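The values are calculated or read from the model by the stated rules, or taken from the named source; none is laboratory data. The structure displayed is predicted, hence computed values, not measured ones. Cβ placement follows ideal geometry from the backbone for every residue including glycine, while neighbour counts extend to all protein chains displayed.
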Amino acid sequence: MTTHYLILSGLLFAIGAMGVLIRRNAIVVFMCVELMLNACNLAFVTFSRQVGNLEGQIIAFFVMVVAAAEVVVGLAIIVTIFRTRRSASVDDANLLKY
Amino acid sequence: MGETITFWVLAVVSVGAALGVVFNRKAVYSALMLGTVMLSLAVLYAVQDAPFLAAVQIIVYTGAIMMLFLFVLMLVGVDSSDSFVETLKGQRFWAAIAALGFVTLIVLAFGNAIFADEVGLAQATAQGGYIRSIALLLFTKYVFAFEITSALLITAALGAMVLAHRERLTEKATQKDLSRARFLGDRPSPLPGPGTYARNNAIDMPALLPDGSVAESSVNRYIARYDVEHGHLPEDPKLAAAIRHRADDEGSESGDAESNAEESNGVTK
């Protein structure tokens, strides 16, 4: 069963990475990042059971905490960018480009 | 056996929903799909002897984070849909190729790996049960990380407050200022209300003036635009022309900030 869980985790991670690459809406990009974090957590939990060690679950727990903090700050940044540029598209925030 | 069935059902659901997150055009649908993925993962954690993480997943992810996402979506505008213009040429194609290659690598690597029999958590949780074992690890070996987490959370809360705070640069307009601006402007009276007729009572119907002409300003510009885009125009050619004209009225998207300000003025009128 471990193999199945790990492959599912890899699939979800790849889908999330693809979303980050192809979507233009900053909020959706952010959601895809969350998807990747979730996929990592699944791998942690799976390995935790595989090797009979609770530390994997502790690490997954910390990942969740960090993800929560990251979402709070990230969404605040998106709101700020939207306020100044009137757009949530990642293509429009390009003032640092040249 | 039960775990196998649960796994396959939830694997299909979560992969399908994950694809939905990426390929849905509307951000709200993406958020709902992400909620589905997170709930399925919570059940998978519960199946894998991690009930604590399952609860945390539901409370923190589906409870707090998804709500935050939806909240910001509503704030930023639900219809801020993606532009499907490719800035980098062929980016979408190569992203799909890269994702496919990654999946192939993962499947090959894990498919060929040989794992020993699962040890299971029975021995790790032998002393005092599952929750006690988690707590023991969290408050002894990882207590420093746990304390650092509190600093992280406070920093995040402060950061969000600082970022979302908007300093008022000008004095707030008082009622006196608004009324002066209104009478100095070209329309002191309120905008005409939308027309209601015997057969329609929708707000996208323009009103008729006493002389029988159509009052274009009685229809909200955004509603007119929606009607034109979705083909909901009335049969009467005069009314349809009025709505079309209203939709093109200062129709440049770039002037949104300006028109928003104007719209809010319209509300106060």
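Things to note:
- Screening A:Asn94 with (1) in contact (Cβ under 8 Å) with a residue 12 or more places away in the chain; (2) more than 7 Å from chain B (Cβ to nearest Cβ) gives one miss only, at (1).
- Selection count where residues are in contact with a strand residue (DSSP E or B) (Cβ under 8 Å, 6 or more places away or on another chain) and of a type in the set (A, V, I, L, M), scope region A:51-98: 2
- The single residue among B:Thr149, B:Thr104 that is surrounded by 11 or more Cβ atoms within 10 Å (Cβ to Cβ) and over 30 Å from A:His4 (Cβ atoms) turns out to be B:Thr149.
- Within the option set B:Phe183, B:Phe139, B:Phe144, being closer than 16 Å to A:Val65 by Cα, hydrophobic (A, V, I, L, M, F, W, C) and surrounded by fewer than 10 Cβ atoms within 10 Å (Cβ to Cβ) holds for one residue only, B:Phe144.
- The single residue among B:Glu253, B:Glu229 that is at pLDDT below 80 and within 25 Å of the chain's Cα centre (by Cα) turns out to be B:Glu253.
- Condition check for A:Ile81: aliphatic (A, V, I, L, M), touching a helix residue (DSSP H, G or I) at 6+ places or on another chain (Cβ under 6 Å) and more than 7 Å from chain B (Cβ to nearest Cβ): no
- Unique match (being within 26 Å of B:Ala96 (Cα to Cα) and either assigned by TED's automatic domain parsing to the domain that holds B:Leu136 or not hydroxyl-bearing (Ser, Thr, Tyr) (or both)) among B:Leu32, B:Leu70, B:Leu53: B:Leu32
- Test for B:Met74: is it under 24 Å from the mean Cα position of the chain (by Cα) and at pLDDT below 90: yes
- In region A:49-66 there is no residue that is basic (Lys, Arg) and surrounded by fewer than 20 Cβ atoms within 10 Å (Cβ to Cβ).
- Sole residue being over 13 Å from the mean Cα position of the chain (by Cα) and in a helix (DSSP H, G or I), chosen from A:Ile15, A:Ile7, A:Ile27: A:Ile7
- Residues that are in contact with a Ser or Thr (Cβ under 7 Å, 6 or more places away or on another chain) and assigned to a loop (DSSP other than H, G, I, E, B) within region A:37-63 comprise just one, A:Leu54.
- Of note, A:Leu75 satisfies the criterion of being at negative phi, at the interface with another protein chain (Cβ under 7 Å from one of its Cβ atoms) and touching a residue at least 24 places away in the same chain (Cβ under 8 Å).
- Residue that is surrounded by the most Cβ atoms within 10 Å (Cβ to Cβ) [pool: residues in region B:1-18 that are over 13 Å from A:Tyr5 (Cα atoms) and touching a helix residue (DSSP H, G or I) at 6+ places or on another chain (Cβ under 6 Å)]: B:Ala18
- Considering only residues in region B:99-129 that are assigned to a helix (DSSP H, G or I) and out of contact with any helix residue (DSSP H, G or I) (no Cβ under 7 Å at 6 or more places or on another chain), the one that is nearest to A:Ala43 (Cα to Cα) turns out to be B:Ala109.
- Count of residues meeting criterion [within 15 Å of B:Gln91 (Cβ to Cβ) and either touching a Lys or Arg at 6+ places or on another chain (Cβ under 6 Å) or facing another protein chain (nearest Cβ under 7 Å) (or both)] in region A:13-24: 7
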